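The block underneath contains the structure these notes are about, expressed in structure tokens.
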Amino acid sequence: MTQGAIPHHVAIVMDGNGRWATRRYLPRVAGHKKGMDALRACLRHCDERGVKVLTVFAFSSENWNRPPEEVSGLMELLALALAREVPQLKNEGVRVKFVGDRAALSEKVRAGLAHAEADTAGNTRLVFNVCFNYGGRWDIAQAAAALAARGEAITEQSLDGALALAHVPAPDLIIRTGGERRLSNFLLWQAAYSELYFTDKLWPEFDGAALDEALADYAARERRFGRTSEQLAPPARRAA
Ligand code: IPE
Ligand code: IPE
Ligand code: MG
């Protein structure tokens, strides 16, 4: 019944930073800072467990609607991460990719993203996708527009190859922290057969033990991809 497998690709909606901060009478941005610490630890833990691709939702297409000071705080955190975290990730063999619409980001941040990607492009230990100004609908629309501009037929395969995450297989496991049970425009296309795991833990509290719980839950699932259980089971041993 159990597959006992470690997911190749884990994707995470890192939700609950704001509530974590508010409960401590701190500004919301303090929660995002703490969330970055949790992400650093989570990436290392994923690597230790043998996960090969980690994709995180850091800023959604809809997060522009937040108060301006929170939006600018998040932009500053991205710039800080580019300066402080990327050199470390490079040394650890992590290939960093940014996924999302860059047009709305400042020239400086765009240059930072491109530099981080080029600098880590040769790394093979783990692929780390940071979804920033990302929305699943944006991705499907930009993929379709790219195919149309090239005069290519739109098929499941061609669309799949034109998506911003075409460099990795679909996520095996999608985790959402913070108690909400929704995707909020994350990986709409790629989530077709992902296992979904929801936890009430707020993102800054999501530690190694919490990740292990999610991995254990995943390992006990049966992924059928439309088939029956019997088709998946190994042939039954014949009675002697
Ligand atoms: C998720 O935490 C991080 C981002 C959306 C950038 P939230 O900021 O949404 O935290 P809550 O949901 O308000 O607690
Ligand atoms: C999803 O969280 C986006 C990120 C984690 C970056 P939100 O907090 O923005 O989602 P909703 O608004 O509760 O659906
Ligand atoms: Mg939220």
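Applying the set (1) within 16 Å of ligand 2 (Cβ to nearest atom); (2) over 19 Å from residue 10 (Cα atoms); (3) touching a Phe, Trp or Tyr at 6+ places or on another chain (Cβ under 7 Å) to residue 131 leaves exactly one unmet item: (2).
Applying the set (1) within 11 Å of ligand 1 (Cβ to nearest atom); (2) under 30 Å from residue 222 (Cα atoms) to residue 20 leaves exactly one unmet item: (2). Taking the listed residues 205, 213, the one that is within 16 Å of ligand 2 (Cβ to nearest atom), over 17 Å from the mean Cα position of the chain (by Cα) and farther than 21 Å from residue 100 by Cα is 205, with no other qualifying. Filtering the range 23-45 to residues that are under 20 Å from residue 218 (Cα atoms) and surrounded by 23 or more Cβ atoms within 10 Å (Cβ to Cβ) leaves only 42.
So which of 21, 5 ends up being away from ligand 3 (no atom under 16 Å from the Cβ), touching a residue at least 12 places away in the same chain (Cβ under 8 Å), at negative phi and of a type in the set (A, V, I, L, M)? Result of the check over 21, 5: 5. When the criteria are applied in full, residue 152 fails the requirement of being more than 22 Å from residue 16 (Cα to Cα), touching a residue at least 40 places away in the same chain (Cβ under 8 Å) and touching a Ser or Thr at 6+ places or on another chain (Cβ under 9 Å). Among the residues of the range 158-199, those that are over 15 Å from residue 55 (Cα atoms) and not small (Gly, Ala, Ser) comprise 159, 160, 180, 181, 182, 193, 198, 199.
Every residue, every condition in (1) within 16 Å of ligand 3 (Cβ to nearest atom); (2) in contact (Cβ under 8 Å) with a residue 24 or more places away in the chain; (3) more than 30 Å from residue 93 (Cα to Cα); (4) surrounded by fewer than 15 Cβ atoms within 10 Å (Cβ to Cβ), yes or no:
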| position | (1), (2), (3), (4) |
| --- | --- |
| 166 | no, no, no, yes |
| 176 | yes, yes, no, no |
| 179 | yes, yes, yes, yes |
| 182 | yes, no, yes, yes |
| 186 | yes, yes, no, no |
| 192 | no, no, no, yes |
| 203 | yes, yes, no, no |
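No value in this document is a laboratory result; all are computed from the given coordinates. Quick caveat, the model's predicted, so the values are computed rather than measured. Here the Cβ is made from the backbone with ideal geometry for all residues, glycine too, and neighbour counts use every protein chain on show.
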